[in-house]
Amino acid sequence: MPSNDALLKEAESVASTNPKRAEEIYKQILNSSASTSNGVSSNGDRDQSLRDQEGAMIKLAELHRDQKNAKGLAEVITLSRSFMSSTAKAKTAKLIRTLLNYFNDIPNSRQAQIDVLMDNIDWSNREKRIFLKHSLEIRLVALQLEALQFKAALARIDALLTELKRLDDKMILTEVHLLESRVYRGIGNFTKAKAALTSARTAANSIYCPPHLQAALDLQSGALHAEDKDYTTAYSYFFETFENMSSQDDPGALNALKYMLLCKVMLNLPEDVTSLLSIKLAVKYAQLREIESMRAIALAHQNRNLAEFEKVLRDYKDELSSDQTIRSHLAALYDTLLQQNLLRIVEPYSVVEIDYVAKQVGQGRQDVEAKLSQMILDKVFHGVLDQGRGCLLVFDEPEVDNSYGAAIDTLGQIGNVVDSLYAKTVKIA
């Protein structure tokens, strides 16, 4: 019977041409190694058998990853449990993390990964592998957040926090509070999102915080400040994140740079976008399509051109719509730009037809009428919508008449004089 090394080499040679045969060989190695490890008395033979098992398992998982077979990869992770039961817990955690990472290269595999994680969390709970269970639950919450399953994610976080506070594991506690903050931001509860982020920072201050975790905390802080329209503070947090991630060649640096550019646009400083992209760290990202989309947004905003802005949103739909942060702030920017365009059109007139205004901005009459009504209520300009004639009547800003205020002040002073005179008469009497 050929050795495991020979079988591994044979499987590797046929993996690209005959993946079915390679899969059979890997499973053969796993079965033979499992029976050998159970029957051997020598520690050396047992260790070699476990190494062969681990190697075959990883190669089989890589095969399924290359074949984009999420179901097959899930089966490998289930198979790995017998191996994990007979090896060190630290090695177990590393192996399962490696196997789960292979799902990232398989498109549309999120649900399969969630199912695998839930299955393995139940197994680790039964086996009393508490730390492995916690790491798997954190991964599960992150996936549920991506899948917008906020209710399930919050329920899992609450259970996790109860256990972690008992164990006092600050590192994992920081990660869980950060995920909690992201979930609350996802459902629009910014008060609780800030409270969770404060808890995460408090936990992080008492330990050495790894650079990637510090970058994630800064990124969340920037996002929450941006939600409060404090774009100056948000920009500083995003810049810290960008520097941190760039130094580690983290792909997340691209998102941080996009948010920095977004802050400049929202601060009405679109001309700063070009100079920002010329700094040393940003040069390598400058030609990417994601950055080109932000540059086009800045240009449209600088020109105050609504039609150009809409064209950019259509041309770069995938880049701009896939990110929740970019999408929500661009919606606010679009609203501001529409308002500026409407003001520019109606300001020269005292009476103007609503149809004409709608035609000039390239929007539907109903949308323009609703926006003009909102602007009048917000006192952006003074006017009345005459729906019978289909016109907007624009008034000059009324001059503030201080007569009444001055009269009240005068009466107040007279009252003080009368009181003073009365006090003097009382003394004389």
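Screening the candidates LEU269, LEU299 for the property of being over 30 Å from PRO210 (Cα atoms), modelled with pLDDT of 85 or more and in a loop (DSSP other than H, G, I, E, B) yields one hit, LEU269. Taken as a whole, the range 381-394 holds no residue that is over 20 Å from SER350 (Cβ atoms), open to solvent by 40 Å² or more (accessible area, probe 1.4 Å) and among the polar types (S, T, N, Q).
Pairs linking a residue in the range 158-186 that is open to solvent by less than 50 Å² (accessible area, probe 1.4 Å) to a residue that is of a type in the set (A, V, I, L, M) and not in a helix (DSSP H, G or I), with Cβ atoms under 8 Å and 6 or more positions apart or on different chains, are THR174/ILE207; GLY186/LEU148. Which one is nearest to the chain's Cα centre (by Cα) among residues in the range 147-174 that are more than 19 Å from MET118 (Cα to Cα) and of a type in the set (Asp, Glu)? Applying the filter and picking the extreme gives ASP169. Please go through the range 195-212 and give me each residue that is aliphatic (A, V, I, L, M) and either within 15 Å of ILE172 (Cβ to Cβ) or surrounded by fewer than 22 Cβ atoms within 10 Å (Cβ to Cβ) (or both), ordered by number. ALA195, ALA196, ALA200, ALA203, ALA204, ILE207 - these are the residues of the range 195-212 that are aliphatic (A, V, I, L, M) and either within 15 Å of ILE172 (Cβ to Cβ) or surrounded by fewer than 22 Cβ atoms within 10 Å (Cβ to Cβ) (or both). When residues in the range 339-360 are screened for being surrounded by fewer than 16 Cβ atoms within 10 Å (Cβ to Cβ) and of a type in the set (Gly, Ala, Ser), 1 of them pass.
Among the listed residues ALA226, ALA215, identify the single one that is under 25 Å from ASP168 (Cβ atoms) and either small (Gly, Ala, Ser) or free of Cβ contacts under 8 Å to residues at least 40 places away in the same chain (or both).
ALA215
Residues that are polar (S, T, N, Q), in a helix (DSSP H, G or I), within 22 Å of ILE77 (Cα to Cα) and open to solvent by less than 20 Å² (accessible area, probe 1.4 Å) do not occur anywhere in the range 127-142. Among the residues of the range 247-257, what is the count of those that are part of a helix (DSSP H, G or I) and open to solvent by 10 Å² or more (accessible area, probe 1.4 Å)? Count: 3.
The values are calculated or read from the model by the stated rules, or taken from the named source; none is laboratory data. Computed from a prediction, not measured in an experiment: that's the story for all the values here. Cβ coordinates were reconstructed from backbone atoms using ideal geometry, including for glycine residues, and neighbour counts include every protein chain displayed. Calculation scope for accessible area: heavy atoms of the full protein, side chains included, ligands and nucleic acids excluded. Shrake-Rupley method; radii C 1.70, N 1.55, O 1.52, S 1.80 Å.
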